[in-house]
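Take a look at the structure below.
The values are calculated or read from the model by the stated rules, or taken from the named source; none is laboratory data. Predicted model, so just to flag it, every value in this text is computed and none were measured. Don't worry about glycine lacking a Cβ; one is built from the backbone with ideal geometry, like all the others, and counts go over all protein chains shown.
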Amino acid sequence: MRLAALCGFAAECRLARRFGLAVFATAGDAARGRALAARAAETADSLLSFGIAGGLAPRLAPGTLLLPRAVITASGERLAVDADLHRRLLAALAAAGLHAETGDMLGLEAVVATPQAKTALHARHGALAVDLESLHVAHATQAAGKPFLVLRAVADPAGRGLPAAALVGLHPSGRAAPGRVLAALLRQPGQIPDLMVTARDTRRALSTLRAALAALRGVL
């Protein structure tokens, strides 16, 4: 099975590539994400939405592993992952002693940056978390008649927002844009502690994903 992963950030891409996956980086751009997902669906047997996610369910701490059963769109449409693949991955994770939450993932095209917005989305959709790539993966595979999966880990939890410096945009490769980040910090130096917490929790989420991919080696 040739599996391609759609990721947002360079760190996610490096991790997926290290475990032998074909990787496409969206850099958090919706138009780029749609185009890359469609291109990947043409050549791959199945697609994987892979990387970090923003928590919506209040109980989910940073680093919580997510293996959703479906992606929910902003309009409430529910697109299910491949049930057989999902079952196999869940069993492999359990065999390695890893627990994955299996509720729904909300797929959007813009970052959810505040606790208030997260609370409202959780109340409306009941999803565990939100990300920017799962929507594109679900739509592209639906159009191509191919299966998809979502493997994510919570970075920013429901009760915490994202500092402005974390939202300034990425290079098309998915790398951070240091100049824009520095400019944002110079304008608002008080956000530095929040940015450090965001970086710490992102590392925690990536560590969880690294362990999950190690457990799934030979299954994906």
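The sole residue among A110, A94 that is among the hydrophobic types (A, V, I, L, M, F, W, C), in contact (Cβ under 8 Å) with a residue 24 or more places away in the chain and surrounded by fewer than 18 Cβ atoms within 10 Å (Cβ to Cβ) is A110. Filtered by the rule that a residue be part of a loop (DSSP other than H, G, I, E, B), hydrophobic (A, V, I, L, M, F, W, C) and either surrounded by 24 or more Cβ atoms within 10 Å (Cβ to Cβ) or at pLDDT 95 or above (or both), the stretch 154-165 gives A155, A158. Cβ-Cβ distances below 7 Å connect no pair with a first residue in the stretch 187-199 that is closer than 19 Å to A153 by Cα, a second residue that is among the polar types (S, T, N, Q), and a separation of six or more residues or different chains. Can you confirm whether the stretch 173-192 contains a residue that is modelled with pLDDT of 65 or more, exposed (fewer than 14 other Cβ atoms within 10 Å of the Cβ) and within 20 Å of L93 (Cβ to Cβ)? Scanning the stretch 173-192 turns up no residue that is modelled with pLDDT of 65 or more, exposed (fewer than 14 other Cβ atoms within 10 Å of the Cβ) and within 20 Å of L93 (Cβ to Cβ). Within the stretch 30-68, the residues that satisfy the criterion of being surrounded by 15 or more Cβ atoms within 10 Å (Cβ to Cβ) and either without any contact (Cβ under 8 Å) to a residue 60 or more places away in the chain or more than 19 Å from L132 (Cβ to Cβ) (or both) are A35, A44, S46, G63.
Here is a yes/no grid of residues against (1) in contact with a helix residue (DSSP H, G or I) (Cβ under 7 Å, 6 or more places away or on another chain); (2) of a type in the set (D, E, K, R); (3) part of a loop (DSSP other than H, G, I, E, B):
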{"residue": "Q116", "(1), (2), (3)": "no, no, no"}
{"residue": "T119", "(1), (2), (3)": "no, no, no"}
{"residue": "A123", "(1), (2), (3)": "no, no, no"}
{"residue": "V137", "(1), (2), (3)": "yes, no, no"}
{"residue": "Q142", "(1), (2), (3)": "no, no, no"}
{"residue": "K146", "(1), (2), (3)": "yes, yes, yes"}
{"residue": "L149", "(1), (2), (3)": "yes, no, no"}
{"residue": "R152", "(1), (2), (3)": "no, yes, no"}
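Taken together, K146, K118 contain a single residue that is farther than 22 Å from A25 by Cα and either among the β-branched types (V, I, T) or modelled with pLDDT of 95 or more (or both), which is K118.
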